[in-house]
Amino acid sequence: MEANYFTLTPDRENELIEQIAKFVAKSEIRDVMKMLINTYGLTNIFGNIGFMMTYPFAVGLLGDFGQDFSQLVGLNPVGSSQRIIKRVEELEREYEEHPEKKNDEANLDRDKAGWRSMFGRLKSLFGIRS
């Protein structure tokens, strides 16, 4: 399903999906997160309503990232959620085959973002480096 975004480029879309998928795949509650992403992707109604309600706040608070993220999950919730889940499953298989890869990436993120705090986890998701 092809989405018609306002400003989100295909490269930026792929980058966001990769960031979200890595965040979910490394999470201790990834099963719950996958369930929520799947549920969200069942219908376009929630995505469209959520997009309309959160877009101004996301842009105001998060700038370009908020704009891109809102367009990704708001304008194409079904396609985006399917792509995110597919990438999460690929990363899970990759991490099972090479557990050191997950640990190396996780240790880098923890050292740089203060992984134990919620703010540190959000910084990791958004790709903000200290």
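Values quoted throughout were computed directly from the atomic coordinates according to the rules given, and no laboratory measurement underlies them. Please read these numbers as outputs of a predicted model, since none were measured by experiment. Backbone-built Cβ (ideal geometry, glycine too); neighbour counts: all protein chains shown.
Evaluate Rg over Rh across segment 16-69, taking Cα atoms for both radii and Kirkwood's formula for Rh. Write down the numbers at each step before the final one.
Details: Rg = 12.6 Å, Rh = 12.4 Å.
Over the Cα atoms of segment 16-69, Rg/Rh equals 1.01.
Arranged from highest to lowest average of other beta-carbon atoms within 10 Å per residue, in what order do the peptides 75-84, 60-69, 12-21 appear?
Values: 75-84: 20.5, 60-69: 15.2, 12-21: 17.3.
My ranking of the peptides, most packed first, is 75-84, 12-21, 60-69.
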